1. Kindly rank 195-203, 6-14 from highest to lowest mean number of other beta carbons found within 10 Å of each residue.
2. Quick one: which of 233-241, 149-157 comes out on top by average Cβ neighbours within 10 Å, and what's the full order, highest first?
3. Tabulate in residue order the Karplus-calculated ³J(HN,Hα) for the range 276-289, using 6.51 cos²θ - 1.76 cosθ + 1.60 with θ = phi - 60°, rounded to whole Hz; enter x for Gly and Pro.
4. Could you let me know the centre-to-centre spacing of the range 181-259 and the range 132-165, using Cα atoms, in angstrom?
5. Which distance in nm do the two modelled labels at ASP83 and SER238 give, with both placed 7 Å along the Cα-to-Cβ direction?
6. How large is ³J(HN,Hα), in whole Hz, for each residue of the range 222-234 in order, when computed from phi with the Karplus curve 6.51 cos²θ - 1.76 cosθ + 1.60 and θ = phi - 60°, using x for Gly and Pro?
7. Counting only helical runs of four or more DSSP H residues, what would the 222 nm mean residue ellipticity of the chain come to if each run contributes -39,500 (n - 2.57) and the total is spread over all its residues?
8. Tally the DSSP beta bridges in the chain and give the antiparallel ones as a percent, rounded to 5.
Amino acid sequence: MSAGAQTDLVVIGAGVVAASIAFHCAQAGVQVTMLTPGGSDEATATQTAGAFRTYFPGKVHDSELVARSLAEFRAFGRMVGADLAVTATDMLVVADGEPELAALAAELPDQRAVGVRARLLSAAQAAQRNPWLDPATIAGAVLCPQFIRLRADRVFGGYLDAARRLGARVVTGVGITGIDAATGRVETAAGAVTAGSVVLAAGADSTGLAASAGLELPVWAQFAELFRLGPVGPDAASAPFTFHAAAGLKTMGMSDSFLVGLERLSTESGRRDEWRRSAASQVHRRYPRLAGHQLVSAWTGALDATASTTAVIGRAGGRVLAAAGFTGHELAQAPMAGQLVRDLHLGRHPAVDPAPFAPRDGARHAA
């Protein structure tokens, strides 16, 4: 970069959220420079293997972000020239007891208002949809026919190529050495660039970037693991994605087995064995036919997480905006995250309420 380079907006990041921001801002006529410190990387777009949920019980704002993103995914071919082959199937959110089921039922009107399609099921109906469940251990469930599968490998590249065609400049493999939140000046190993807005969309690395600007973000790198059971029979393939919200347990039939995940957050290290035992215990208790089948590791990695599991999208301080902490949902929420950052940069009224995502509690000037 030449000395004294200037642009409207700098996006720092190498994943699908950064690419979405670059595209949506360039589409709106914003002069965009995207800096990817580690080189362009599709890992964040593909770690969920192109499958994600639309319905987030207890978090209507997160449901809305995904529900609104679906329209863009379905129009992706027309917008950026890449067909994502979007399909939808059922998912279940299971309630352990009557109070939990009542809370899910009470929230359904709000969920439906933001685009979630969902209906209540009795315990027997839930077990009919997922025969591996033990109906005696649950009170009922919510069925949502919006568990989405798409070609995740095409999302990152589609956004990035379209952003370039619209004039965005993409600089790969450049180290960021400092950010001035007040002036929007970004120092890199290749020179400096000054922007009206600087967007931190680098996953958990956004926290360190924010610190270089004298800011704090409530985002950290969270160890995560998915498990797989040994072969249990061909009937497993038809088992829908099932979320036991109270326990944080997630299961999904795949071929002749199940994928299993357990939502656990902690800034402490060394809890892998504890969480693995907990996942096994939960599976064997809630799915009696799977008792005796061992869990083996299928994937390990790190997610950029927040304590609320809701992403931080908004102004962190001065000219610095953040879009990080998606806790594994960056692919599903990337379209609306890009639109929200665009609107905040341009001073527009966003299509979604930005308040639930604002980093007001954790983004502050570091002491």
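All of the numbers you see were taken from the coordinates with simple rules; none came from a lab. The structure presented is a predicted model; accordingly, all values stated were derived computationally and were not measured. Please note: Cβ atoms are built from the backbone with ideal geometry, for glycine as well, and neighbour counts cover all protein chains shown.
1. By packing density, highest mean first, the sequence is 195-203, 6-14.
2. Answer by packing, highest mean first, reads 149-157, 233-241.
3. 3J(HN,Hα) across the range 276-289, in whole Hz: 5, 4, 5, 4, 4, 4, 5, 4, 5, 6, 8, 10, x, 5.
4. Result: 15 Å between the Cα centres.
5. 2.9
6. 9, 4, 9, 8, 10, 10, 9, 7, x, x, 10, x, x
7. Roughly -9500 deg cm²/dmol at 222 nm, from the helical runs in the chain.
8. About 70 percent, rounded to the nearest 5.
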